[in-house]
Amino acid sequence: MKRHRAGLLVTILLLLAATVVGGAAADASGRQQQRPLRVKVEFSAVPPDFECAGGLMPQGFVGGGQVSHLGAVEISGGVCNDFVNLRFTDGFGTYVAANGDSIDITYAGDATPTETGFLGEGSAEIVGGTGRFDGATGAFDFTTTTTVFPDGSSTTSLEGDGWITYGSRR
């Protein structure tokens with residue numbers, strides 16, 4: 001009897017450890033849990049395939065980097081730039097992991113001119129995804145450093161921290 005209880009206790013402890021180490025997607029009530037999110041990406045401007053309202057200047061981008069929970073990512077998207085008020089609005093993007101799973105974001109923020117480009121800060125919202133990120137939600141605040149080159153091309157580094165919720169919803 002003692003052996004049976006000890007074996008049952010070990011099994012329960014192992015299951016608990018696996019749940020904690022695996023980062024369970026839902027708590028006991030079936031609600032998804034917020035998880036910390038870290039974003040570090042770099043991207044270059046490309047010709048846009050969309051238009052912006054109100055005379056704002058559209059800009060597309062492509063690049064890559066690292067995003068917690070996704071690993072190495074390829075990114076693409078666009079934004080509407082307001083160079084009069086030094087804002088970027090109606091931003092959208094998709095971050096795609098190596099296995100094809102992805103998250104979709106929207107974002108906006110403010111820019112400050114520098115001698116070589118712009119510094120930016122803003123907020124992004126995770127509005128969905130594919131694969132294990134289907135239905136993902138979340139948010140992160142970010143800062144950017146954009147370098148504009150003499151030929152008009154530019155590169156941007158973005159770093160952000162926030163949270164993401166994804167996984168089983170029971």
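Within the full protein context, the accessible area of Thr143 is estimated at about 80 Å² for a probe radius of 1.4 Å. Full extension of the chain between Phe50 and Thr114 gives 20.3 nm of extra length, using 0.36 nm per residue less the Cα-Cα distance.
Farthest toward the positive end of the dipole of segment 30-170, out of Val148, Gln33, Ile164, is the Cα of Gln33, where the dipole comes from beta carbon charges about the Cα centre. A DSSP coil position with no more than 13 other Cβ atoms inside 10 Å describes the following GluC sites (Glu not before Pro) in segment 85-159: Glu115.
Compute the length gained on full extension between Asn99 and Glu159: take 0.36 nm times their separation in residues and subtract their Cα-Cα distance, giving the result in nm to one decimal. Kindly include the intermediate steps, with their values, before the conclusion.
Numbers: separation 60, 0.36 × 60 = 21.60 nm, distance 2.26 nm.
The Asn99-Glu159 span can extend by a further 19.3 nm.
Stretching the chain fully between Glu125 and Glu42 yields a gain of 28.0 nm (0.36 nm per residue, less the alpha carbon separation).
Taking Cβ atoms as reference points and 14 Å as the exclusive limit, the residues near Glu121 contribute a net charge of -3, counting Lys and Arg as +1 and Asp and Glu as -1.
Panel values: segment 66-123, Kirkwood radius from alpha carbon pairs, Stokes-Einstein at 4 °C and 1.567 mPa s, translational diffusion coefficient 102 µm²/s. When +1 charges are put on Lys and Arg Cβ atoms and -1 charges on Asp and Glu Cβ atoms, the dipole computed for segment 121-170 relative to its Cα centre reaches about 420 debye. Of the solvent-accessible surface of segment 26-170, computed with a 1.4 Å probe over protein heavy atoms with every protein chain present, carbon and sulfur atoms account for 53 percent. Remark: spin-label model distance Phe83-Gln66 equals 3.5 nm, labels positioned 7 Å along the Cα→Cβ axis.
The values are calculated or read from the model by the stated rules, or taken from the named source; none is laboratory data. Here the structure is a predicted model, which is why all the values come from computation and not from measurement. Positions of Cβ are backbone-derived with ideal geometry, glycine not excepted, and every protein chain shown enters the neighbour counts. The accessibility values were calculated without ligands, DNA or RNA, using every heavy atom of the protein model including side chains. Shrake-Rupley method; radii C 1.70, N 1.55, O 1.52, S 1.80 Å.
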